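Accompanying notes for the structure given below.
The values are calculated or read from the model by the stated rules, or taken from the named source; none is laboratory data. Please read all numbers here as calculations on a predicted model, not as lab measurements. Here the Cβ positions follow ideal geometry from the backbone for every residue, glycine too, while neighbour counts run over all protein chains shown. Please note that ligands, DNA and RNA were not included when accessible areas were found on the heavy atoms of the full protein model with its side chains. Shrake-Rupley method; radii C 1.70, N 1.55, O 1.52, S 1.80 Å.
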Amino acid sequence: MPLAWRPVLAISIAAGVVLTALSARYGYHRDELYFRVVGAHPAWGYPDQPPLVPLYAALAGGSLVLLRLPATLAFMAGTVLTALTAREMGGGPRAQTVAALAWAVTPALAVGGHLMQPTIFDVVAWTAVTFLVTRWVRVRDDRLLLGVGLVTAVALQIKFLIVFFLAALALGVLLAGPRDLLRRPLLYAGAAVTVLAWLPGLWWQGRHGWPQLEMGRIIAAKDTDGGRLGFLPWQVVDTGVFTAPIWIAGLVRLWRGPWRLFVWAYAFLLLVFLITGGKHYYMMGAYPALWAAGAQVVERWRLRSVMFGVVALTTVGLLLPIYPLRTLHATPEAAISYDARETVGWRELTAAVAKAYRPGYVILAGDYGVAGAIDRYGAAYGLPKAYSGHNGLWYLGRPRNDDAPVLVLPAEREVLTRYWSDVQVAGRVDDGVRIDNEEQGQPIWICRGQRVPWDRLWPRLKRLA
């Protein structure tokens, strides 16, 4: 089957151009600010994730374009890999183009391609594994199985979620075949490479009490976005309401063909994440196989251009930073997109802290976004680094001076009065553009009369969230 290089590359490049053009609008996401701080202290892992994304974020310096470029390149690669998977499943040039478009307009992936976060790299790794397994089923070249091991080895330096996908594929092979795959020596050679690459991260987790397991329990308990009840509806929202018929058609087509293993894998993942309370977007890496299969059905639909056009416009208009910052508060993006709201106001927050700061004060950040903002912008205002007990920042050390006044934000006064006798408002955060995010309007507290020395207080401030 010929490869539709021209339309597929055109889709991939067009998406890359759009994401790059928008990458420096607004500002850092709170997660990106956090990655810059912990990544400057390289380790084999952190309590909430493996090391690779934070390490790159620290090396990217102060350029948002450079910081987000790998995410954009990953998004572009995912577009091509999905089209290649459609080709392996027998799709012609038109089906390959449909598969590439299905990836390119997907709302959850567009956000991933815009921000430097682990999710997009994890999804692309799943997509690469999907392509390799699909091709192996067709050509039986065992070197592809070694490739699965190499891809997984890299993916485990970004996110551990791919382990669930591999387990799901193994179950699919056992239930639907081809079971001959499980007898191939290079499969186990690839598995050995994966395990060796994973060992340093496992060692770090074990040495620190397996904090990622605790993080998983916290995520499940938080019950955001409708929790388990919202998990299934979110599958349609994340993949695009009007393009959801593509992957639904893909499920039906896969069930009737030699790649039925992907249907079992999808069902297994859906069940596991429902039971464990996983985030709805954890499923995103399972969809490229379904898009690739469904593309051959949708390529015959007359309304496919309308489907893609509506979802593309919705994705750009609701999730990407196309509006002037001064009017953002009045747009649907500000109302719908949490991620957009969290990219606004960090420089203004730092300026507000600087206004309340005096030499010798300690700055204590209640969350990693605040700590990251002060790390990024504080030097221009003469601020020292901020301490924080949030996630990986707790491991970077505590303040030493028990007598110094402490600036704290965000925090509740009732909590602060447990540890300081005098707690007063020293300022307030205002982003200047009326964006209702987590920091907007928060008081900046000045705390004096510390009741508990830092060596005893610091363990109490350790927080996973």
For region 407-412, 3J(HN,Hα) per residue [Karplus equation, 6.51 cos²θ - 1.76 cosθ + 1.60, θ = phi - 60°, Hz, x = Gly/Pro] = 8, 10, 6, x, 6, 9
For LEU229 and ARG138 in the same chain, what is the full-extension length gain: residue separation times 0.36 nm, less their Cα-Cα distance, in nm?
-> 28.9 nm
For region 206-273, report the convex hull volume of the alpha-carbon atoms normalised per residue, in Å³, without decimals.
-> 111 Å³
Which order, highest average first, do 334-344, 449-459 follow once you tally other Cβ atoms within 10 Å for each residue and take the mean per peptide?
-> 334-344, 449-459
If you take the charge dipole of the chain about its Cα centre, with +1 on Lys and Arg Cβ and -1 on Asp and Glu Cβ, which of THR134, LEU318, LEU457 is farthest toward its positive end?
-> THR134
For 187-198, 436-447, ranked highest to lowest by mean beta-carbon neighbours within 10 Å, the order is 436-447, 187-198
Estimated inter-spin distance, TRP210 and ARG400, nm [label 7 Å along Cα→Cβ] = 3.7 nm
Among ALA100, LEU67, PRO118, whose Cα sits farthest toward the positive end of the charge dipole of region 60-172 (+1 at Cβ of Lys/Arg, -1 at Cβ of Asp/Glu, about the Cα centre)?
-> ALA100
Extension reserve of the ALA167-ARG448 stretch, reckoned as 0.36 nm per residue once the Cα distance is removed | 95.8 nm
Paramagnetic reach from ASP436 in region 322-336 [backbone N under 14 Å; point 7 Å along Cα→Cβ] = 329-336
Could you check the simple spin-label distance between ALA40 and ARG217, using points 7 Å along Cα→Cβ, in nm with one decimal?
-> 3.3 nm
For region 196-268 and region 360-415, compute the distance between their C-alpha centroids and round to whole Å.
-> 35 Å
Any DSSP H helix in the chain with Cα axial reach of 20 Å or more and mean Kyte-Doolittle score of at least 1.0? Listed by number, the hits are 5-22, 64-88, 118-139, 162-176, 261-276, 304-319
Leaving ligands, DNA and RNA out of it, report the carbon-plus-sulfur percent of the accessible area of region 177-273 at a 1.4 Å probe.
-> 71 percent
In whole angstrom, how far apart do the alpha carbon centroids of region 324-341 and region 34-60 sit?
-> 28 Å
Mind sorting out which of (i) 33.2; (ii) 22.1; (iii) 23.6 is the real Kirkwood radius over Cα pairs in Å computed from the coordinates?
-> (iii)
Region 349-465, relative contact order [Cα under 8 Å, separation at least 6], % | 30 percent
Charge dipole (debye, nearest 20) of region 208-342; +1 at Cβ of Lys and Arg, -1 at Cβ of Asp and Glu = 480 debye
What order do you get for 98-106, 364-372 when each peptide is scored by the mean count of other beta carbon atoms within 10 Å, highest first?
-> 98-106, 364-372
What share of the DSSP beta bridges in the chain is antiparallel, in percent to the nearest 5?
-> 60 percent
Of VAL433, PRO410, LEU349, which is farthest on the positive side of the dipole of region 343-441, counting Cα position, with +1 on Lys and Arg Cβ, -1 on Asp and Glu Cβ, and the Cα centre as origin?
-> LEU349
Taking amide H positions as placed in the peptide plane 1.01 Å from N, state which residues far from GLN450 in sequence (5 or more) or on other chains have amide H under 5 Å from it.
-> SER421
Assigned charges on the beta-carbon of Lys, Arg, Asp, Glu; region 215-283 dipole about Cα centre (debye) = 220 debye
To the nearest 20 debye, what charge dipole does the chain have about its Cα centre, counting +1 at the Cβ of each Lys and Arg and -1 at the Cβ of each Asp and Glu?
-> 840 debye
Taking H placed 1.01 Å from N in the peptide plane, check which residues at least 5 places from ILE444 or on another chain put their amide H under 5 Å from its amide H.
-> ALA426, GLY427, ARG428, VAL429
For region 379-447, report the convex hull volume of the alpha-carbon atoms normalised per residue, in Å³, without decimals.
-> 130 Å³
